[in-house]
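Just below is one structure, and these are the notes that go with it.
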Amino acid sequence: MSTMNQLRQGLSKAWDTVADGWRELRELAGDALTRFQPKTSRGEVETAEDRIVTRASRWGLLAAEVADNDDRVQVMLEVPGLEADDIDIEVRDDVLVVRGEKKLAREETKGQYHVMERAYGRFERAIRLPVPVEDDGAKAKYRNGVLTVSLPKSRSARARRISVES
């Protein structure tokens, strides 16, 4: 086999590996990829924070886990950098919708950024629930950057044991 053919074959294998990796990432984390919409001042003069936020990433990864037990569904969502008051939660047709706004908080005002990978602004993340749930009795807590929402299953979705008579 000629050197050019070996090179072509090697590049083809490398491209297939990259394409497989992107496909797998899209399948596993596609729903977690969340768009952030920066909120900037509308006046003529931009603040330093506005300039930083407009250069920041518009996309962030808000990874979730959904656990289903006998009588509750528990959703854990990674949303670092917020305060509990920045989060709004609702259930709409078996979908948990989490909205919030991640604000820029700078401690140091000198210097410049060379890497801006974190996303800032308003976001909305929708998570399909595995079974119907009840709004009443739902609980949410935010701790260490993780939002945990516990939702009671609707009566029709709960597992029921049926006794067998002899």
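Things to note:
- Applying 0.36 nm per residue to the separation of TRP22 and ASP93 and subtracting their alpha-carbon distance, the gain on full extension is 22.5 nm.
- Counted by Cβ distance under 14 Å from THR17, the other residues give a net charge of -1, where Lys and Arg count +1 and Asp and Glu count -1.
- Spin-label model, ASP71/LEU7: points 7 Å from Cα along the beta carbon direction are separated by 6.9 nm.
- In order along the stretch 58-67, the Karplus-derived 3J(HN,Hα) couplings, from 6.51 cos²θ - 1.76 cosθ + 1.60 at θ = phi - 60°, round to 8, 10, x, 9, 10, 6, 10, 10, 10, 10 Hz, and Gly and Pro are given as x.
Here, each number is a calculation from the coordinates, and none is a lab measurement. Note that the structure is a prediction, hence the values are computed from the model and not measured. Quick reminder, even Gly has a Cβ in these numbers, built from the backbone with ideal geometry, and neighbours come from all protein chains shown.
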